[in-house]
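A.B. asks: Mind having a look at this structure? Questions to follow.
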Amino acid sequence: MRDLPAQPALYAGFGCRRGCPVETLAVLLRQTLTRNALPLSALRAIASIEPKAREPGLLALAERLGLPYICFDAGHLLAFEPQLSQRSATAYAQTGCWGVAESAALALAGDNGRLHVPRQVLGSATLALAIGG
């Protein structure tokens, strides 16, 4: 009997405007996973930046998915700037980070993580997916 290859661990980083509805976040996640033929079961956690720690839509999404929701401070996320697919001066001015979604996904994925799906946008939400151990 052959062992099946291990499913890669996926980590989702989100950015959003204040008050972004959970449905917008959920649709963005579902569409992104479907478009990239990725299973929801591979998702291990979701993340954002510290000012979003109490964002109702993100908290509701994590609860709905039964996944940890982790927030990182801007200083930690800055370390991932060389790996970003794009840099946003607007995001930097507002958060101190060049890209919340991609940086948060990479931070969750750990030392060997890599960006798998760059920043996707739906309405007031952004999402990026990273693969890690």
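A.B. asks: To the nearest 0.05, how large is the calculated FRET efficiency for GLN31 and GLU81 if R₀ is 35 Å and r is the Cβ-Cβ distance?
C.D. replies: Details: r = 27 Å, r/R0 = 0.76.
Efficiency at R0 = 35 Å is approximately 0.85.
A.B. asks: Post the alpha-carbon centroid distance, the range 13-35 to the range 77-112, in whole angstrom.
C.D. replies: Comparing the Cα centres of the range 13-35 and the range 77-112, I get a distance of 17 Å.
A.B. asks: A further question on this structure: I want to check the label-to-label distance for ASN112 and ASP73. Put each point 7 Å from Cα in the C-beta direction and report it in nm to one decimal.
C.D. replies: Going from the ASN112 label point to the ASP73 one covers 2.9 nm.
A.B. asks: Which value, in debye to the nearest 20, gives the size of the charge dipole of the range 13-128 about its Cα centre, when Lys and Arg are +1 and Asp and Glu are -1 at the Cβ?
C.D. replies: Values: 11 positive and 8 negative charges, 59 e Å.
My answer is approximately 280 debye.
A.B. asks: Taking 2.2 N^0.38 Å as the expected size of a compact globular protein, what ratio does the Cα radius of gyration of the chain give against it, to two decimals?
C.D. replies: Numbers: Rg = 14.0 Å, N = 133, 2.2 N^0.38 = 14.1 Å.
Cα Rg divided by the expected 2.2 N^0.38 Å: 0.99.
A.B. asks: Mind telling me which of GLY113, GLY75, GLY99 comes out most flexible in a GNM of the chain, alpha-carbon contacts under 10 Å?
C.D. replies: Comparing GLY113, GLY75, GLY99 in the GNM, the peak value goes to GLY75.
A.B. asks: Let me ask you something else. Which residue, LEU29, ALA45, ALA107, has the largest displacement toward the positive end of the dipole of the chain when charges sit on each Cβ (Lys, Arg +1; Asp, Glu -1)?
C.D. replies: Of LEU29, ALA45, ALA107, it is LEU29.
A.B. asks: At a threshold of 8 angstrom on Cα-Cα distance, excluding pairs fewer than six apart, so keeping six or more, what relative contact order does the range 13-128 reach in percent?
C.D. replies: On the way: 195 pairs, mean separation 41.2, N = 116.
That works out to 35 percent.
A.B. asks: Which cysteines in the chain lack any other cysteine whose Cβ sits under 4.7 Å from their own Cβ?
C.D. replies: Flagged as lacking a Cys partner: CYS71, CYS97.
A.B. asks: Once you compute Rg and the Kirkwood Rh from C-alpha atoms, what is the Rg to Rh ratio for the range 59-133?
C.D. replies: We get a ratio of 0.95 for the range 59-133.
A.B. asks: Another question about this same structure. What fraction of the DSSP beta bridges in the range 12-133 is antiparallel, stated in percent and rounded to the nearest 5?
C.D. replies: So the antiparallel bridges amount to about 65 percent of the total.
Computed from the coordinates by the stated procedures, all read-outs in this text should not be read as laboratory data. Please read all numbers here as calculations on a predicted model, not as lab measurements. Glycine gets a Cβ as well: all are built from the backbone with ideal geometry, and neighbour counts include every protein chain shown.
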